[in-house]
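Written below as structure tokens is the structure these notes are about.
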Amino acid sequence: MNPAVLRLAVRQLVSQLRTTEWRALILATWLAVALTTFLSLLGDRLENGLLRESASVLGADLVISSSRPIDKSRLTLADQFSLTKSEVIQFPSMIAAGDSMVLSSVRVVEAPYPLRGEVQTEPPQTASVPEPGTAWVEQPILNQLGVKVGDSVQFGYVDLKVSAVLLSSPDRGSGFRSLSPHMLVNKADLEASEVLAPGSRAQFRLLLAGAKAQTDRFEKAIKPRITESERLLSLTNDQPLTGNALGNGMAYLRLSALTALLLSALTIMLALRRFSLGQTKHNALLLSLGLRPADLVKLYVAQLLLAAAIIAVTGLLSGIVLERIADYWIADLLPQQLPAASGTSYLAGPILSFAMLLLLGLPPTFEQSRITVSQLFRGEEQDNASTQSKVLYILSLMLLGLTILAFLQAPLAAILLLVVLGVSGLQFGWLSQKLLHLACIPLAKKLTLGRLLNLRLNQQRKWHRLQSAVVVLLLMLLSVVWVSREDLIKEWRAQFPQDVPNYFVINIQEWQKPDLDKFLSERHIETELYPMVRGRLTELNGKPIKPQLNEEQLNNNALHRELNLTYRREMPEHNQLISGTWWTPDSTAAEISIERDMFQNLGLSLGDELSFNIGGQDIRGLITSVREVQWNSFKPNFYVIFSPGAIEGYPATWITSFKLADSNKHYASELLKTFPSLTLVDIDQLLAQLAGWLARLAESSALVLTLTLGCGLVLVAVTLLQALEQRRFESALLQTLGARSRQTQQLDLLEFALLGLVCGFLAAVSAEVMLGALHLYLLKIDPRWHFELWLSLPVLATLIFIGLSWLLRTPLKIEQCYQVLRSKT
């Protein structure tokens, strides 16, 4: 590039910082870069952190879980792919010390273990697994047995020395076994203990770890070989609860960011358009002095590159600060500190700044270079040969759109949102113009300025359509994101009333029921015990069920595991009968009530006969009713309920749940001391953690909302500039014809107030429609009216128009009026 052109570009860049258009351009780009950097860094750290946390929870990269001993072919296949492997056996077992006993979840392990994550003990141990003859035991077991480190506990027919307290460990298994207190035992002690016999209820796991390419190939090879008794767990298809919550939250943040990025792009495009038009006479002077059109393009490209470089640095620093703030808010969502972001994550914001300014800045720059000097001096725009400019605009917008979509990593959702926003913007612009004219009809008859207002509305139709579309979409999107988030949190909290149970008790034996009932009634703990019988669904209408189902139905988890079955005379109060009839209390027929989703997913019908294998025996029953189950009631719930006469005689354990106030939490300890073989699960901590996730995600999304609002206000200000310049000329003309300055201000105030009310009304209507659809189809909660939107949005839109016009426009004195009129001639 010519050094003289580069020096001129630097001088012009400094002087142009005084123009409103250039400031708006800089601010909009800075917001876009800061937002992009923030989400890129946070997303990369969350993704890496979630994968690492998932591996730590699983204890491996891949896990094959089975109700039977691991097939040797699995071990051979793992060796073929050079994967590190470790076998784990987990089962419930009574642990004794003297006269005390406690039911615990025993994990029999071998080195190396775990393959991902680490086991933490007190005191710390150098070995990765307990030495033969020793055990690592969690503190609740020690408390109930009354033993400490160094003492021995009885595990079957062997005594094991407690060498350490187990503080935390990965690979805890699934279901209630993961919540029970654990004990780690060396595999060398299993045979001597004789606690595991044929038919014992144990879970066998094969832990696998290796390079990502190796694990991916192994996963692809093993999937077709997985049997009914096996399940393949991986980092991607079995994220822990924290991973799902954070992953969904990140997707929510990225889609919310699309609004801010689109508003920034539109602001930059309008600001560049206005800036290029404002440079008409300056460009004419440069061309008349001998500057070639190609050098004029280079001049503005150099300015855009310099501006992009400055914005890239400042936006990058701002995004890093925002990411640090968000990191502070969500630090407790994962038990480990999030890993550092990759180096490429820091490039997203700067790349977007160059892409936005160059792709959106080239079309108006090329248009200016093609206009003749005479047209530039007269301030005329090029009317002919505009096909190239239109093509350039389209290509630039498409490239920018692809850049934004690549960053968001949600192309289908983003494209759908772009289409909806485009169509909605056109409709809002047309509707607002019609409503403005309808509202102006009575004003024109009653107000002195009404006729002038009507003339102005007719004259500014194009501007009103653009401004209305921008403001309505801005307010609608902000309202939907904000209100839907608040509604989701309220709905989640409403799902857990004050009396929701916070304790589960499982593994209750039949002979313990009378004493347990007495214990609970003496302490005024209201609860109900439910029997649980394990059974596997095998047949439908007398034939094997699987050949009768399609591929999608075969993936239902109810076909690949034993189900917890129960029997009752009356329907549970927290269930709702939606079809069929409940059996009579004295019924002796084998009848079944089935949960709605299982009923629909398996394509069942009332009157179908299901067969379950219970302890080697087949039990049949007719489906006579379908229930809606409130899974969030934190009460015992079952997919299948039998009539009492069908399975009442089969061996069963019992389960119950109840609510303990903070002042009665000591009853939990008394329960375990009285019934040491029971397993008590405290879910208060889980509820508190879920509430914390929602709160943190809401706080993080507030950053995106704030930046979106900033982008929207800048866009509104940029579009207002053109209107205020036109009104400045009209006010000067009216004042020279005898109107007072106060009257011209009142005319502007009346126009903007009317425009604000119309935009606010349309935003409220559209927000209600979108919120209703989101509640019904996405959030799965009951739609409701949001009357606060109907009151606040018209007022807010009016204040935005009046406030920005008051800030951007100053009253004219009579001498200034003459100067304005002369400048336009």
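The values are calculated or read from the model by the stated rules, or taken from the named source; none is laboratory data. Model, not experiment: these values are computed from the prediction. Cβ sites come from the backbone with ideal geometry, for glycine too, and all protein chains shown count toward neighbours. Areas reflect the complete protein model, heavy atoms only, side chains present, ligands, DNA and RNA absent. Shrake-Rupley method; radii C 1.70, N 1.55, O 1.52, S 1.80 Å.
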* Condition test on Leu77, is it over 30 Å from Leu671 (Cβ atoms) and at pLDDT 80 or above? -> yes
* Asked: So Met476 clears everything in (1) at pLDDT below 75; (2) closer than 27 Å to Gly422 by Cα except one condition, right? Which one?
  -> (1)
* Structure fact -> When segment 93-106 is checked residue by residue, the ones that are surrounded by fewer than 18 Cβ atoms within 10 Å (Cβ to Cβ) and either of a type in the set (Val, Ile, Thr) or touching a Leu at 6+ places or on another chain (Cβ under 7 Å) (or both) are Met94, Ser100
* Long-range neighbours under 8 Å by Cβ, at least six apart or interchain, first residue part of a helix (DSSP H, G or I) within segment 604-632, second among the hydrophobic types (A, V, I, L, M, F, W, C) -> Asn632/Phe496
* Structure fact -> Per the list (1) over 26 Å from Cys440 (Cβ atoms); (2) in a helix (DSSP H, G or I); (3) at pLDDT below 70, residue check on Thr825 breaks on (2)
* Taking Ala127 as meeting all but one of (1) within 21 Å of Gln203 (Cα to Cα); (2) assigned to a loop (DSSP other than H, G, I, E, B); (3) of a type in the set (Gly, Ala, Ser), write down the number of the exception. => (1)
* Given Ile268, Ile311, Ile325, which one is at pLDDT below 80, part of a helix (DSSP H, G or I), among the β-branched types (Val, Ile, Thr) and surrounded by 22 or more Cβ atoms within 10 Å (Cβ to Cβ)? -> Ile268
* Structure fact -> Of the residues in segment 135-159, those that are of a type in the set (Phe, Trp, Tyr) and modelled with pLDDT under 90 come to Tyr157
* Structure fact -> Scanning segment 287-308 residue by residue, the ones that are assigned to a loop (DSSP other than H, G, I, E, B) and either in contact with a Leu (Cβ under 8 Å, 6 or more places away or on another chain) or of a type in the set (Lys, Arg) (or both) total 2
* For Leu660, state whether it is surrounded by 15 or more Cβ atoms within 10 Å (Cβ to Cβ), in contact with a helix residue (DSSP H, G or I) (Cβ under 7 Å, 6 or more places away or on another chain) and farther than 29 Å from Glu552 by Cβ. => yes
* Any idea which residue in segment 107-118 is surrounded by the fewest Cβ atoms within 10 Å (Cβ to Cβ), counting only those that are touching a residue at least 40 places away in the same chain (Cβ under 8 Å) and more than 22 Å from Val153 (Cα to Cα)? -> Glu118
* For segment 291-301, indicate whether the set of residues that are modelled with pLDDT of 70 or more, within 19 Å of Ala32 (Cβ to Cβ) and open to solvent by 10 Å² or more (accessible area, probe 1.4 Å) is non-empty. => no
* To do: Taking Trp463 as the residue in question, decide whether it is farther than 15 Å from Ala753 by Cβ, part of a helix (DSSP H, G or I), open to solvent by 90 Å² or more (accessible area, probe 1.4 Å) and touching a residue at least 24 places away in the same chain (Cβ under 8 Å).
  => no
* **Filter result for Phe496 (more than 30 Å from Gly615 (Cα to Cα), open to solvent by less than 50 Å² (accessible area, probe 1.4 Å) and at pLDDT 85 or above)** => no
* Mind listing whichever residues of segment 144-158 are open to solvent by 30 Å² or more (accessible area, probe 1.4 Å) and within 17 Å of Pro123 (Cα to Cα)? => Lys148, Val149, Gly150, Asp151, Ser152
* Residue list for segment 633-644, filter: outside any loop (DSSP other than H, G, I, E, B) and either modelled with pLDDT of 90 or more or in contact with a Phe, Trp or Tyr (Cβ under 8 Å, 6 or more places away or on another chain) (or both) -> Val640, Ile641, Phe642, Pro644
* Please work out which residue is nearest to Lys187 (Cα to Cα), limiting yourself to segment 119-137 and to residues that are open to solvent by less than 20 Å² (accessible area, probe 1.4 Å) and of a type outside the set (Val, Ile, Thr). => Pro130
* To do: Could you please find all residues in segment 569-596 being touching a residue at least 24 places away in the same chain (Cβ under 8 Å), open to solvent by 30 Å² or more (accessible area, probe 1.4 Å) and outside any strand (DSSP E or B)?
  => Arg569, Met571, Thr581, Trp582, Thr588, Ala589, Ala590, Arg596
* For Arg620, work out the one condition from (1) within 16 Å of Asn541 (Cβ to Cβ); (2) out of contact with any Ser or Thr (no Cβ under 7 Å at 6 or more places or on another chain); (3) open to solvent by 50 Å² or more (accessible area, probe 1.4 Å) it doesn't fulfil. => (2)
* Considering each of Leu789, Leu754 in turn, give the residue that is open to solvent by less than 80 Å² (accessible area, probe 1.4 Å), farther than 22 Å from Asn458 by Cβ and at pLDDT 75 or above. => Leu789
* Report yes if some residue within segment 551-567 is under 30 Å from Asn664 (Cβ atoms), open to solvent by less than 80 Å² (accessible area, probe 1.4 Å) and at pLDDT below 90; otherwise report no. => yes
* Asked: Would you call Glu539 assigned to a strand (DSSP E or B) and surrounded by fewer than 19 Cβ atoms within 10 Å (Cβ to Cβ)?
  -> yes
* Structure fact -> Being open to solvent by 10 Å² or more (accessible area, probe 1.4 Å), among the hydroxyl-bearing types (Ser, Thr, Tyr) and modelled with pLDDT of 70 or more narrows Ser66, Ser40, Ser56, Ser86 down to just Ser40
